[in-house]
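A quick write-up on the structure given underneath.
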Amino acid sequence: MAAQDEREPLITPALPANRSGYGTVEDARDAMSKFVVNNVAGESGRKLPQYIAGLAASGGALAAGTFLGWTAPTDKPLTVEGEYGFPVSDEQFSWVGSISNLGAALMCFPIGYMMKLIGRKWSMLAMVLPLVLGWLLIIFAENVAMLMVGRFFLGVGGGAFCVAAPTYTAEIAQPSIRGTLGTFFQLMVTVGILFVYAVGAGVDVQVLSIICGVIPLVFGAIFFFMPESPYYFVEKGRYSEAASSLKWLRGAQYDENAEIEDLKQADEKVKAEAIPMLVAFRQKATVRALAISLGLMFFQQLSGINAVIFYNSAIFASANGGKEMSSASIIVGGIQVVATLLASVVVDKVGRRILLLVSDLMMAVSTILLAVYFQLKQDDPAKVDDLSWLAVLAVCLFIAMFSIGYGPVPWLMVGELFANNVKAFASPVAGVFNWLLAFLVTKVFTNLKDAMGEAGVFWLFSGISLLGTVFVFLVVPETKGKSLNDIQRLLAGEKLNADEPAGLPEPRDERDERPAQVA
C-alpha cells in the first residue's frame, strides 16, 4: 500500500472505491431510490465534524509516513559516522530498513479481525503502543538488534494504520465529501515522509527519532475523543450507539434513522452473501481480479522506485559539483506530495488504465536515462560532467510519474476489482504480497547493485517497467465509471456493449478492509 526513503518502498494508501452488492435490476433500482432519498436528507448534516474526525484519523498516516521516511536521513549518520556509538554495516542497515515491511505484512490479516472485534477506533488507538515501543527501542538503541526490533514494531503499527485509517474515514463520511476525506490518508503519508526528510536534515538521529515518537502520542490524545464508526455499531447490533455516533458526525439536528436503516440492510446483505474462501477462489472473476491485483503489485515494487530513491542524493550531488545536497531528499519528498495530490484529483477524470500506462512508460524512460548516465559514468566520469542535469531531471520525472500512477492506482483498483463477499480476505492477500515484495526488493537491492553494477540495475528496472506497461495494456481493464456489478461481469468474461449504460449508481458498503499502501 509504499514509499519513500532511500531504503523503504514508496507506498501509497488506497483511495475509497465504490462498493455494492448484487441482485436484479429491479432490486438495484429500489435500493437506489432509497439511497438517494436518504442521502438527500443525510446531506443536510454538518460536514465540519466529519472533516475533524477524518483529519484526526489521518494522524495515523502521518505517523506511518515518518517511519517510512526515517531511513533516508539516518543512513550515513549510522553507517558512516557511527552516531550511535556502535558499528552498523551496510548489510545490517539494509535489515534495519527492510524489516519494517515484514511487520506491516504480518498485520494485514489480523487488523481486519481486530476492527471487527473491538472496532475501528480502538484498533487504531491500540496501534499507538507498537509505534511508541518501536521509537523507544530506536531512541535508546545500544546495538543493531534493538534498531531492528524497533523497526519491526514500527512496521506493525504503521502497516495496521494503512488498513484501518482509510476504512474508518470511508465509513464516517457522507457521499459528497467521502472522496475528499479519502485523499487525506494518502496525502498525509507523503507529508509525513517529507517532514522526516526536512527535520532529518537539521538534527541528529536520536532527536529525529524522539520527534517521530511524539507523533503517535499526539495522534492518540486527539483521536481518543473521536467517535467510533457507526458501521461497526450496526454490525454489532448496537443501534443506539450508532445513532450517537452519527449525531456527533452529522450534528445534533441530524435525523439518523434513515441512514441507520440503510446500514442495517447493507450489513444483512453482506452477511447473506458471505462465501468460503476456497469457493470464492474458484470463481473466474475472483481469480482474474487476484491475478490483476498481484500483477500490479509486482510491477509497482519492481519498477525501480527503491533504486531511484536510493541514488537521488548521489545524483543531486553530482549535479552540484560533487557536493552533498541536504535538500535532495526534501525536493524528492515535495515532488511526491504534489504528484500524489494531483493523482487524487485526476484519477476519476482520466481513468485508471491511462494513468498506469503513462506512469509505467515514463518510468521506463526515466530509468533508461539513468542507466545510460551510470554506464557513461562507469566508462569515463568526465563524460557525464555536462549531463548531471539530465540525471536530476530523470529522478524528478520518475518520482512524479510513480506518485501519479503506479503508486496509488494499484491500491485503488484492489478496492474495485474484488466483489464485496470476497474482499475481506482477497484484499489482504494483495497487501501481504506487496509488503513482502517491498521487503525483498529493499533487502536485496545492495546485493543486486554489487552483482550488476548501477547501470545494470537500472537497465533491469527499465525492462520490468516496459513489461508492466504491456501487462496493463493487455490485461488490466478500465474500471472508471463502471459499477461493481459491471466490473464483475467484465472479469467473468462477459461483453459490455459500448452503448450499454455503465450501471445504476450503487449504494456503497463502506466497510472496506483493504490495506492502503504506502512504496
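The values are calculated or read from the model by the stated rules, or taken from the named source; none is laboratory data. Keep in mind the model is a prediction, meaning the values are calculated, not measured. Because the Cβ atoms are built from the backbone with ideal geometry, glycine has one as well, and the counts that use them run over all protein chains shown. Side chains included, ligands, DNA and RNA excluded: accessible areas come from the protein's heavy atoms. Shrake-Rupley method; radii C 1.70, N 1.55, O 1.52, S 1.80 Å.
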(Q) Here is a list: 513, 500. Which entry is touching a helix residue (DSSP H, G or I) at 6+ places or on another chain (Cβ under 8 Å), more than 17 Å from residue 299 (Cα to Cα) and either among the charged types (D, E, K, R) or at pLDDT 50 or above (or both)? (A) 513
Q | Positions within region 250-269 being of a type in the set (D, E, K, R), closer than 20 Å to residue 226 by Cα and either in a helix (DSSP H, G or I) or in contact with a Pro (Cβ under 7 Å, 6 or more places away or on another chain) (or both), in sequence order | A | 250, 259
Q. What about residue 334, is it open to solvent by 10 Å² or more (accessible area, probe 1.4 Å) and not assigned by the TED database to the domain that holds residue 69?
A. yes
Q) Using beta carbons and a limit of 6 Å, which pairs, at least six apart or on different chains, have the first residue in region 383-396 and over 21 Å from residue 335 (Cβ atoms) and the second one assigned to a helix (DSSP H, G or I) and among the aliphatic types (A, V, I, L, M)? A) 383/376; 384/376
Q | Selection within region 214-248 - of a type in the set (Gly, Ala, Ser), part of a helix (DSSP H, G or I) and surrounded by fewer than 23 Cβ atoms within 10 Å (Cβ to Cβ) | A | 220, 221, 240, 243, 244
Q) Restricting attention to region 191-200, does a residue exist that is hydroxyl-bearing (Ser, Thr, Tyr), assigned to a helix (DSSP H, G or I), touching a Leu at 6+ places or on another chain (Cβ under 9 Å) and under 27 Å from residue 411 (Cα atoms)? A) no
**Q.** One residue from 86, 67 being of a type in the set (Phe, Trp, Tyr), more than 23 Å from residue 231 (Cα to Cα), open to solvent by less than 10 Å² (accessible area, probe 1.4 Å) and at pLDDT 85 or above
**A.** 67
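Given the options 181, 147, name the one that is at pLDDT 80 or above and either in the same structural domain as residue 101 (by the TED database) or closer than 16 Å to residue 93 by Cα (or both).
Working: 181 fails: at pLDDT 80 or above.
Matching residue, one of 181, 147: 147.
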Q: Name every residue in region 132-179 that is within 16 Å of the chain's Cα centre (by Cα) and either surrounded by fewer than 18 Cβ atoms within 10 Å (Cβ to Cβ) or farther than 28 Å from residue 49 by Cβ (or both), in order of residue number.
A: 154, 155, 156, 159, 179
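Looking at residue 278, is it more than 26 Å from the chain's Cα centre (by Cα) and surrounded by 22 or more Cβ atoms within 10 Å (Cβ to Cβ)?
Values: more than 26 Å from the chain's Cα centre (by Cα): yes; surrounded by 22 or more Cβ atoms within 10 Å (Cβ to Cβ): no.
No.
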(Q) So in region 332-354, with the set limited to residues that are of a type in the set (Lys, Arg) and at pLDDT 80 or above, which one is farthest from residue 464 (Cα to Cα)? (A) 352
Q: Quickly run through region 201-213 and pick out the residues that are touching an Asp or Glu at 6+ places or on another chain (Cβ under 9 Å), surrounded by fewer than 19 Cβ atoms within 10 Å (Cβ to Cβ) and assigned to a helix (DSSP H, G or I).
A: 206
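Only one residue in 263, 302, 357 is modelled with pLDDT of 80 or more, buried (at least 17 other Cβ atoms within 10 Å of the Cβ) and under 30 Å from residue 383 (Cα atoms). Which one?
Numbers: 263 fails: under 30 Å from residue 383 (Cα atoms); 357 fails: under 30 Å from residue 383 (Cα atoms).
Going through 263, 302, 357 in turn, the sole match is 302.
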Q. So which of 122, 95 is within 17 Å of residue 144 (Cα to Cα), open to solvent by 10 Å² or more (accessible area, probe 1.4 Å) and part of a helix (DSSP H, G or I)?
A. 95
(Q) Residue under question is residue 284, and the condition is that it be outside the structural domain of residue 64 (by the TED database), touching a Gly at 6+ places or on another chain (Cβ under 7 Å) and surrounded by fewer than 18 Cβ atoms within 10 Å (Cβ to Cβ); does it hold? (A) yes
Q) How many of the residues in region 118-153 are under 30 Å from residue 245 (Cβ atoms) and in contact with a Ser or Thr (Cβ under 8 Å, 6 or more places away or on another chain)? A) 3
Q.
Among the numbered criteria (1) touching a Leu at 6+ places or on another chain (Cβ under 7 Å); (2) part of a loop (DSSP other than H, G, I, E, B); (3) not small (Gly, Ala, Ser), which one does residue 86 miss?
A. (1)
